[in-house]
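Just so it is clear, none of the values below were taken in a lab; they were calculated from the coordinates. The model shown is predicted, which means the values in this text are computed figures rather than measured ones. Backbone-built Cβ (ideal geometry, glycine too); neighbour counts: all protein chains shown.
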Amino acid sequence: MTYMQNKYKLVVMQESTFEEKITLRLSRMNVLIVLVILSLIFVLLTTFIISVTPLKEYIPGYASVEKLQQVYVNQRRVDSLYQKLASHEAYIANFKRRILLGEDLDSLEMEASVKKTGTDYNNIPYKRSDEDSLLRREWETDEAYNLVYAGGQLPVGSISRFIFFTPLNGTLVDGFDPKKRHFGVDVVGKPDVPIKSVLDGMVIYAGWTYETGYVIVIQHNNDLISTYKHNSRLLKTEGDRVKAGDPIAIIGNSGKLSTGPHLHLELWYQGSPVNPAEFINFD
């Protein structure tokens, strides 16, 4: 104990005159006590600053309440986006195989692809809003340039009463032949001319495939779908509503199966292909 209490003299002198400026009498015990007090003050001050300022967010492993909440919200959003993406990919995959590639899908495969989306379609409540009813009434009674069918009730299993707009004036070079898996007709036209929609409807696919190039598909009323392949450029995107005669693409020569600039047109009615040449005059 005497060792810790031995007195020492700390003197600060001027170098040139050796005049004493500061004189301190210290012991090991005093120095130790001062160092401990200063350390405690530093620790307390640091803890206080971190606790009341945003500096605590820079400490590894520590996150603010706002960030934790945002992480939770983002996680739910990502999960919802994943479900929607899975549903969209399943729909596009089945659509390409059925419409674009002409493959047959049995009901079990279609049901399995729907179940992968994680959505229970059996318990979805059906309730129309006032806005939905007004939109439906406006769409169904729209008479301006509405080339859907000639009037009256459309016969089940027939599209003979549709009035189609000619999508391209040209020469029919290859006809409809389901045995050769050619589910449409090929029409050669002038370069860079626009391809037009055959009926009113909504674009449900607008993209590029390896075999058929730039493709655009339109959903019409009465379970009718029109498909336009081998375009050089698309003028509409998915979700766009079009009228009969609206330009939707530019004639082209895209895709592995194309041998020259032309339009490959397909009509699918209630899930089955029909011959467009029986309903449309391309001359």
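Listing for the model above:
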quantity: Sparse-neighbourhood loop sites, trypsin sites (Lys or Arg not before Pro) in segment 184-283 - DSSP loop, at most 12 other Cβ within 10 angstrom; calculated: 256
quantity: Set 190/236; 96/196; 67/236; 179/256 screened for pairs whose C-alpha atoms are more than 30 Å apart; calculated: 67/236
quantity: Inter-label distance, nm, simple model (7 Å from Cα along the C-beta direction), residue 85/residue 32; calculated: 6.4
quantity: Residue 188/residue 132 FRET efficiency (R0 45 Å; Cβ-Cβ; nearest 0.05); calculated: 0.55
quantity: Inter-site label distance for residue 23 and residue 93 at 7 Å from Cα along Cβ, in nm; calculated: 9.3
quantity: From phi via Karplus (6.51, -1.76, 1.60), per-residue ³J(HN,Hα) for segment 234-245 in Hz, x at Gly/Pro; calculated: 9, 9, 10, 10, 4, x, 6, 8, 10, 9, 4, x
quantity: Filtered chymotrypsin sites (Phe, Trp or Tyr not before Pro), segment 175-283: DSSP coil and at most 13 other beta carbons within 10 Å; calculated: 210
quantity: Amide hydrogen neighbours beyond the local backbone of residue 254, cut-off 5 Å, H modeled; calculated: 214, 231
quantity: Net charge, residue 195 excluded, C-beta distance under 15 Å - Lys, Arg +1, Asp, Glu -1; calculated: +1
